[in-house]
Amino acid sequence: MISNELVVKDGVLTGEVRGPLTYGEAKLHALKSFLEEKGIKLDECIMVGDGANDICLFRNGGFAIAFNAKPILKKYADETVEGKDLRKVIKIIDMLMREDERCYRS
């Protein structure tokens, strides 16, 4: 996972992040470099994002989840999660994994 640092206060995520934001092609380049080191293809990845700086990832990744996203990003998403409950993202990922397992069994 590549992300900003999630801010935790008293053991609870605050919804804030620390660290510099990366944009567009720089974000995609960083991800491609990371994946190359790990031997993972970009189209095998699930992207989760919330803003216009994630469009480039959504266009190139395997599956895109807009999380509590701005309207511009939702246009590029395969699934959209409203609100700030990350458990909803986990449900989507679980569903994708089950579908993938069924494909391999067939």
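Annotations for the structure displayed:
- Unit charges at the beta carbon, dipole of segment 5-105: most positive-side option, 15, 29, 76: 76
- Taking the Cα centre of the chain as reference, the dipole from Cβ charges on Lys and Arg (+1) and Asp and Glu (-1) amounts to some 160 debye.
- Going by neighbour counts of Cβ atoms within 10 Å, the residues 54, 10 line up, fewest first, as 10, 54.
- For residue 88, the aspartates and glutamates whose Cα comes closer than 18 Å to its Cα, not counting residues fewer than 8 places off in the same chain, are 50, 78, 79, 99.
- Dividing the alpha-carbon radius of gyration of segment 1-91 by the rule-of-thumb value 2.2 N^0.38 Å gives 1.09.
- Per-residue packing, averaged as other Cβ atoms within 10 Å, sorts the ranges 65-76, 38-49 into the order 65-76, 38-49, beginning with the highest.
- Residues with amide H under 5 Å from that of residue 48, placed H, sequence gap 5 or more: 65
Only the coordinates and a few stated rules stand behind these numbers; no lab work does. Just so you know, these numbers come straight off a predicted model, no measurement behind them. When we count neighbours, we look across all protein chains shown, and the Cβ atoms used for this are built from the backbone with ideal geometry, even at glycine.
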